[in-house]
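One structure below.
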Amino acid sequence: MKKLNKNLVEGYKHYPEKVLQFGEGNFLRAFVDWQIAVLNETTDFNGSVVVVQPRGTKKIELLNEQDGLYTLYLQGMKDGKAVKEHMVIDSIKRGINLFTQYDEYVKLAKNPELRFIFSNTTEAGIAYDESDCLEDQPQKSFPGKLTAFLYHRFQAFNGDATKGMIIIPCELIERNGKKLKEIVVQYAEKWNLGEEFVQWLHAANTFCNSLVDRIVPGFPKDTIDEITEELGYKDELVVVGEQYHLFVIEGPKWVKNEFPAHLAGLNTLFVDDLTPYRTSKVRILNGAHTAMTPVSYLYGLDTVAETVDHPVMGSFIKELIFQEIIPTLDLSDEELRDFADAVLERFKNPFIKHFLMSISLNSMSKYKTRNLPSLLEYVNRKKELPKKLVFSLAALIAFYKGKRGADDIHLEDDQDILDLFRQQWSAFDGTMESVRTIVSHVLSFEKNWEMDLNAVPGLTDAVACYLYEIETKGMEKAIEVVLTETAKK
């Protein structure tokens, strides 16, 4: 069977090299490179991608063997229906192996048509390495590689302000563009590249902050034989992603004209401040995951899809999002409800089996960052406790008892947190007073919460009451109590 290459693609086109991409992994190929392919097809973007690797070389070699081509499968919920579709992505022109083709990397810096730089080098990628030098081929760190590239470009065009780059990192850290720029400037100063270069970095280059959202399971190793049979060619770079995508770019308004995603129908937003979008994603999507996990798992369910499809648990999660999380956020009601509807639809994706136990890792710190802000803001705005978020906190304490019926739960968290719960639950005698003692100690664990949650009016008693219901009646009966309470409001 033939391997995927440009001779197998009808109407294959050559586009000018317009994008440098740090990262050849699954996410960028299923997200940024897919968007560029859509832009080429539907707008006058007319650009291709040159990929360099942050670390190894295998995928660079595979990309070049396949003429930069690969098959993307998008599968998930689309307009309320389960949809699975695939396409060949042709936006990547070539890959450069930085260890053997560094001269090509320097040569690319001299390309006048190059305009964008995208990256995804993991959350640890945007970091400063003291040992990096300009003379290294290549530098160890991604920011070091980027600084060297920009300096070569600065020299090639004699500091021409029109030859700067639009740099959009996609790493999942807050203020990623701002952080990356700070490190690039740090290298420029350490390497004594001159004040003119530093000024050119500030004046000619635009570092954007970004927020990305698409679940990308990656290479479908379990079904690749069936996929190969379906495609009729061999593709070692098949990548699978969900249908949903969101790309929020914080930067000058003119960037939108150069990356016209709005003309292609893409869910790419250009904003002055992405903070409310990040907050909404963390509190709605991630917050719902964390809130549902102990409740649903102790109810007897195992996956996210089972949870949202369940008549009781589905109602619990939907009401938690719409009644308790959305009222604490600052985007428009329409935006928040549209995003929440999309989240619930994504949770139902029949092609992705998302196990609750995989979400449960470090649940205490996750509740603190994802759910506690919603709980506290709800109290601040409504002057009362959000019952479902409180119930979820009670369920979390029950979850850390380490038992689902007769079965042990494999808890994964920091040792001091595991020790806290082991100590508290070992003294439990079945009484309400004992439950309240456990709750009081957990809520006062400031190393996790960074505050004593017992100080929140009514929280200790409310959590204790719900935990007592869970312990004495079981999750199925206990959840009826909170659903009935909120139905009466």
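Remarks
- Looking only at residues of region 297-311 that are surrounded by fewer than 16 Cβ atoms within 10 Å (Cβ to Cβ) and in a helix (DSSP H, G or I), we find that the one that is nearest to the chain's Cα centre (by Cα) is D309.
- Complete set of residues in region 451-461 that are in contact (Cβ under 8 Å) with a residue 60 or more places away in the chain and either under 15 Å from V295 (Cβ atoms) or β-branched (V, I, T) (or both): V456
- Residue check, D429 among the charged types (D, E, K, R), over 30 Å from Y277 (Cα atoms) and not in a helix (DSSP H, G or I): yes
- Every listed requirement among (1) farther than 30 Å from P327 by Cα; (2) in contact with a Leu (Cβ under 6 Å, 6 or more places away or on another chain); (3) modelled with pLDDT of 95 or more is met by E412 save one, (3).
- Near pairs, Cβ below 7 angstrom, 6+ apart or cross-chain, from region 209-221 (farther than 12 Å from I249 by Cα) to any residue that is of a type in the set (G, A, S) and not in a strand (DSSP E or B): R214/A30; V216/A30
- Which listed residue is in contact with a helix residue (DSSP H, G or I) (Cβ under 9 Å, 6 or more places away or on another chain) and surrounded by fewer than 21 Cβ atoms within 10 Å (Cβ to Cβ), from E189, E195, E226: E189
- For beta carbons closer than 6 Å, sequence separation of 6+ or different chains, a first residue in region 419-434 that is without any contact (Cβ under 8 Å) to a residue 40 or more places away in the chain and a second that is of a type in the set (D, E, K, R) and surrounded by 10 or more Cβ atoms within 10 Å (Cβ to Cβ), the qualifying pairs are W425/K401.
- Qualifying residues in region 18-33 (those that are hydrophobic (A, V, I, L, M, F, W, C) and within 17 Å of the chain's Cα centre (by Cα)) - the one surrounded by the fewest Cβ atoms within 10 Å (Cβ to Cβ): F27
- Top-ranked residue in region 440-478 [being acidic (D, E) and assigned to a loop (DSSP other than H, G, I, E, B); ranked as modelled with the highest pLDDT]: D452
- Total residues in region 305-320, condition under 19 Å from H245 (Cα atoms) and at pLDDT 95 or above: 0
- Residues that are outside any helix (DSSP H, G or I) and polar (S, T, N, Q) within region 333-376 comprise N349, S360, N362, listed in sequence order.
- When region 179-233 is filtered for residues that are within 20 Å of the chain's Cα centre (by Cα) and either of a type in the set (G, A, S) or in a helix (DSSP H, G or I) (or both), the ones remaining, listed by number, are K179, L180, S210, G218.
- Residues located in region 243-297, provided they are of a type in the set (G, A, S) and more than 20 Å from K318 (Cβ to Cβ): G251, A261, A264, G265
- Verdict on I173 being in contact with a Lys or Arg (Cβ under 8 Å, 6 or more places away or on another chain), over 22 Å from D103 (Cβ atoms) and surrounded by fewer than 20 Cβ atoms within 10 Å (Cβ to Cβ): yes
This table checks each residue for (1) part of a helix (DSSP H, G or I); (2) in contact (Cβ under 8 Å) with a residue 24 or more places away in the chain; (3) touching a Gly at 6+ places or on another chain (Cβ under 9 Å).
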site	(1), (2), (3)
T71	no, yes, no
K84	no, yes, yes
G95	no, yes, yes
F99	no, yes, no
D103	yes, no, no
I126	no, yes, no
Q137	no, yes, no
P143	yes, yes, yes
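- Residue within region 37-47 that is closer than 18 Å to L246 by Cα and surrounded by fewer than 20 Cβ atoms within 10 Å (Cβ to Cβ) present: yes
- Just one of the listed residues (R436, R422) is closer than 27 Å to M313 by Cα and either surrounded by fewer than 20 Cβ atoms within 10 Å (Cβ to Cβ) or not assigned by TED's automatic domain parsing to the domain that holds T472 (or both), namely R436.
The values are calculated or read from the model by the stated rules, or taken from the named source; none is laboratory data. Keep in mind the model is a prediction, meaning the values are calculated, not measured. Cβ sites come from the backbone with ideal geometry, for glycine too, and all protein chains shown count toward neighbours.
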